[in-house]
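Engineer: Take a look at the following structure, please.
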Amino acid sequence: MFTLPVDAGLRLAQLVPEDAEELFALTDANRAHLRRWLPWLDRNRVVAATEDFVTFTQREAAAGTGLHCGIFEQNILAGVCGYHRIDAQNRSGQIGYWLSAEAGGRGVMSRCVTALVSYGFAKRDLQRQVIACAEENRASAAVAERCGFRFEGVARDAEWLYDRFVSHRLYARLRTDA
């Protein structure tokens, strides 16, 4: 199982079936907090849906097309961070993340994304890493900016979010970026 130490007491670890109940409970407890930006919450109303998600992520990891990790702070699950998509041919990865309300505001996500980006360049030989976030999601955009990603533009109406389309701010970081 993949584990990436971030710093003292903070690590990323590939999601495994044993995480499903805790992940569902965290999602359920943060449903209102997460709903503003994540379109999949209505499809995740029972533990079985989270179990299916974890199984899917394991298939992606085995195929090398994705890597979804739990964020563990002091061994307690606080969110998810990883690659939604890894394109080996083009050596690129798209990063996604979310954090519980109580874990926010302390730099946890910025530290996790920084560690993941370093891993992606050093161990996965990626050339390009991308973060896409809703235009109004300033917290997510701030993570991208703090982690050295450059704003590249806006993808208009990129995602259906329950009752409306939202445009995405696109950020990228290249291996050659300082």
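The values are calculated or read from the model by the stated rules, or taken from the named source; none is laboratory data. Keep in mind that this is a model prediction, so the values were computed, not measured. Note that we place each Cβ from the backbone using ideal geometry, even for glycine, and neighbour counts take in every protein chain shown.
Engineer: Give all pairs with beta carbons closer than 7 Å in which a residue from the stretch 93-106 that is closer than 19 Å to Leu41 by Cα meets a residue that is surrounded by fewer than 20 Cβ atoms within 10 Å (Cβ to Cβ) and aromatic (Phe, Trp, Tyr); count only pairs at least 6 apart in sequence or on separate chains.
Structural biologist: If the second residue must be surrounded by fewer than 20 Cβ atoms within 10 Å (Cβ to Cβ) and aromatic (Phe, Trp, Tyr), no pairs are left.
Engineer: Of all residues in the stretch 43-94, count the ones that are closer than 11 Å to Cys112 by Cα and hydrophobic (A, V, I, L, M, F, W, C).
Structural biologist: So the answer is 5.
Engineer: Just give me the residues in the stretch 29-52 being part of a helix (DSSP H, G or I), surrounded by 13 or more Cβ atoms within 10 Å (Cβ to Cβ), of a type outside the set (Gly, Ala, Ser) and in contact (Cβ under 8 Å) with a residue 12 or more places away in the chain, in sequence order.
Structural biologist: Selection gives His33, Leu34, Arg35, Leu41, Val47, Thr50, Glu51.
Engineer: Which of the following residues is under 16 Å from Leu34 (Cβ atoms), small (Gly, Ala, Ser) and in contact with a strand residue (DSSP E or B) (Cβ under 9 Å, 6 or more places away or on another chain): Ala78, Ala49?
Structural biologist: Every option except Ala78 fails the conditions.
Engineer: Moving on. Could you list all residues from the stretch 76-85 that are touching a residue at least 40 places away in the same chain (Cβ under 8 Å) and closer than 17 Å to Arg106 by Cα?
Structural biologist: Leu77, Ala78, Gly79, Val80, Cys81
Engineer: Still on this structure, I have one more. I'm told Gly105 meets every condition in (1) of a type outside the set (D, E, K, R); (2) modelled with pLDDT of 95 or more; (3) out of contact with any strand residue (DSSP E or B) (no Cβ under 7 Å at 6 or more places or on another chain) except one. Can you identify the failing condition by its number?
Structural biologist: Gly105 satisfies all of (1) of a type outside the set (D, E, K, R); (2) modelled with pLDDT of 95 or more; (3) out of contact with any strand residue (DSSP E or B) (no Cβ under 7 Å at 6 or more places or on another chain) except (2).
Engineer: Which one is surrounded by the fewest Cβ atoms within 10 Å (Cβ to Cβ) among residues in the stretch 124-178 that are among the β-branched types (Val, Ile, Thr) and within 18 Å of Trp98 (Cα to Cα)? If you could, list the steps in order and put the result at the bottom.
Structural biologist: Filtering the stretch 124-178 for residues among the β-branched types (Val, Ile, Thr) gives 130-131, 143, 154, 166, 176.
Those left that are additionally within 18 Å of Trp98 (Cα to Cα): 130-131, 143, 166.
Details: Val130: 21, Ile131: 23, Val143: 26, Val166: 19.
If we take residues in the stretch 124-178 being among the β-branched types (Val, Ile, Thr) and within 18 Å of Trp98 (Cα to Cα), then Val166 is surrounded by the fewest Cβ atoms within 10 Å (Cβ to Cβ).
Engineer: Select from the stretch 133-169 the residues that are basic (Lys, Arg) and not in a strand (DSSP E or B) and list them in ascending order.
Structural biologist: If the condition is that a residue be basic (Lys, Arg) and not in a strand (DSSP E or B), then Arg138, Arg146, Arg164 are the ones that fit.
Engineer: Please return the ranges of strands (runs of 3 or more DSSP E) entirely within the stretch 63-131 where 3 or more residues are among the β-branched types (Val, Ile, Thr).
Structural biologist: Fully inside the stretch 63-131 and qualifying: 76-87.
Engineer: Contact list please: Cβ distance under 7 Å, first residue in the stretch 150-178 and under 15 Å from Trp37 (Cα atoms), second residue part of a loop (DSSP other than H, G, I, E, B), pairs at least six apart or on different chains.
Structural biologist: Taking only residues 6 or more apart or on different chains, the pairs are Glu159/Pro39; Trp160/Pro39; Leu161/Pro39; Tyr162/Pro39; Val166/Glu135; Ser167/Glu135; His168/Glu135; Arg169/Glu135.
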